[in-house]
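Notes for the one structure printed next.
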Amino acid sequence: MPNVSVERIEKDLLALSRFGFNEQDRGVYRQGFSDADMEARRWLMETFTSMDMKTHMDGAGNVFGRMGPDNKPCVMIGSHLDSVPAGGIFDGALGVVAGLECIRTIRENDIHLDYPIEIVATSEEEGRFGGMLGAQAISGKVTLDWLERAQDSSGELLKDAMARHGFDYHEVMHARRSPDELRAFLELHVEQGPVLESKRTSIGIVEGISGVFKWMVRLIGKADHAGTAPMDMRSDAFLGLADFTHEIQRIIDEEGTEKSRITIGFVELKPGFPHTVPGEVDFTIVGRDLDPGVMKALAQACRRVLSSIARKHGLMFEYEQMSWLEPSYCNSKVVDIIKQRAEGRGYSHMLMPSGAGHDAQFLAEITDTGMIFVPSVNGVSHAPDEWTHWDDVERGANLLLDSIVVLATD
Ligand SMILES: [Zn+2]
């Protein structure tokens, strides 16, 4: 198989990074439905046109470029074009520009395909309004009610942000693609974590995207004067939290796998005053695993441990499950194709879960889906110093090329 040109990928990635680039912190600000985001989408449509590809933007802001006949199901490849505030240049954009390079390489080498290739740049993946809007629209998972209510952290409504760019939010409901139109979906993305680099491995083949549960927990004791309440006569809610924090590793060792994660990312002590024993603590527990049974076991263990800690410290314990998102799985045939091609190219590779959410998890609901990770230097992402070495970019794009050629050939 021929090789992609990593120089052209670099050129496109740098061209895209100018949309929303901030000179001060050197971050990319290309949040969904911002001016910079829309400029980047127009750039992409012009690029598709200059490459003689059919292009259109759907009602959700997804941009498509197609090579091949209209009347056959396509192999879709791509990722998102929007960024977090002060994001890096690779997250999302890499999967789109690598697609452009695959098309050039296929044409220059007269590689025969039986099915069309379609590149997609999805909209609002990063969560200004909740995230993965474009991919959810394609897979038919959006509701009109949600579209009417969704707002960003400044209170701007999604439908208003869309209207400023000439979108009618009702059109999002027309962005659904029928499974009959698709043969497969492939996404190349940076890992955004430290695993591949630490294992000196160039390619991560994603088995699936971890499920996530989020709890809001409250431990209630008694707020007391920090001077007059003796140490042995307190119901200090913070002590309960501290004990629980130390139990997390044991819960994972006993109930989890090496793919499990439990994180306490938000804590609020009440009344939150230095001279008062904290009578209440509110905190989140976010748990992840690739197996829903393991997720359940982790959640049950958290509840068990919390209630015994609460008893020990004389606290009341309540919790609310805010969300429970099931894991989603890549297609095993697609995983095998990527694996075989990685072996064919002699690239070091490993199977791994994705701990972060991606567009691929929604595409997996309507077509055979695969995902390729390339290493993130120091595991950094969602920050201006996000980086992936060019030789890893080249390997990832070559593997994307090989895999789509297999998927688009009878
Ligand atoms: Zn991303």
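In debye to the nearest 20, how big a dipole does the chain give about its Cα centre with +1 on each Lys and Arg Cβ and -1 on each Asp and Glu Cβ? Present the calculation step by step, with values, prior to reporting the outcome.
Details: 41 positive and 64 negative charges, 141 e Å.
For the chain, the charge dipole is close to 680 debye.
Arranged from highest to lowest average of other beta-carbon atoms within 10 Å per residue, in what order do the peptides 318-325, 188-195, 115-122, 299-306 appear? Each step should come with its number before you reach the end.
Working: 318-325: 12.5, 188-195: 22.2, 115-122: 25.8, 299-306: 17.6.
Top to bottom by mean Cβ count within 10 Å: 115-122, 188-195, 299-306, 318-325.
What is the extension gain from Asp114 to Met316, computed as 0.36 nm multiplied by their sequence separation minus the C-alpha to C-alpha distance, in nm to one decimal?
Details: separation 202, 0.36 × 202 = 72.72 nm, distance 6.39 nm.
My answer for the length gained is 66.3 nm.
So what does the Cα-only Debye profile of the stretch 211-325 read at q = 0.17, 0.22 Å⁻¹, as log10 I(q)/I(0), no solvent term?
Reported log10 I(q)/I(0), two decimals: -0.77, -1.14.
Express in whole angstrom the spacing between the alpha-carbon centres of the stretch 51-76 and the stretch 307-334.
40
Nothing charged except the Cβ atoms of Lys and Arg (+1) and of Asp and Glu (-1): what's the magnitude of the dipole of the stretch 211-325 about its Cα centre? Round to the nearest 20 debye. Mind showing how you got there, number by number?
On the way: 14 positive and 16 negative charges, 30 e Å.
In total the dipole reaches around 140 debye.
Putting +1 on Lys and Arg Cβ atoms and -1 on Asp and Glu Cβ atoms, find which of Ala223, Gly131, Gly59 reaches farthest to the positive end of the dipole of the chain.
Checking the options against the dipole of the chain, the answer is Ala223.
Counting each pair of different Cα atoms once, what's the Kirkwood radius of the stretch 1-64 in Å, rounded to one decimal? Could the numbers behind the result be given before it?
Numbers: mean 1/r = 0.0759 Å⁻¹.
Here the Kirkwood hydrodynamic radius works out to 13.2 Å.
Restricting to Cα pairs below 8 Å that are 6+ residues apart, what does the relative contact order work out to for the chain? Please round to a whole percent.
On the way: 928 pairs, mean separation 94.2, N = 410.
RCO, the chain: 23 percent.
Using the charge dipole of the stretch 211-325 (Lys, Arg: +1 at Cβ; Asp, Glu: -1 at Cβ; taken about the Cα centre), state which of Pro292, Pro278, Phe244 has its Cα farthest towards the positive end.
So the residue we want is Pro292.
Under a Cβ-only charge scheme (Lys and Arg +1, Asp and Glu -1), can you give me the dipole magnitude of the stretch 27-103 about the Cα centre, in debye to the nearest 20?
Details: 6 positive and 10 negative charges, 38 e Å.
The dipole magnitude comes to about 180 debye.
Which percent of Cα-Cα pairs in the chain sits in each 10 Å bin, short to long?
5, 21, 28, 23, 13, 7, 3, 1, 0
Beyond 20 Å, what share of the Cα-Cα pairs of the stretch 165-258 is found? Please give it as a whole percent.
Numbers: 3140 of 4371 pairs.
Distances greater than 20 Å cover 72 percent of the Cα pairs.
Can you find, among Val305, Phe373, Ile262, the residue sitting farthest towards the positive end of the charge dipole of the stretch 239-374, where Lys and Arg contribute +1 and Asp and Glu -1 at Cβ?
So the residue furthest toward the plus end is Phe373.
Report Rg(Cα)/(2.2 N^0.38 Å) for the stretch 1-116, keeping two decimals.
Numbers: Rg = 14.7 Å, N = 116, 2.2 N^0.38 = 13.4 Å.
Dividing the Cα Rg of the stretch 1-116 by 2.2 N^0.38 Å gives 1.10.
Bear in mind these aren't lab numbers, they're just calculated from the coordinates by the rules spelled out. All values reported here derive from a predicted model rather than from experimental measurement. No Cβ is skipped: glycine too gets one built from the backbone with ideal geometry, and neighbour counts run over all protein chains shown.
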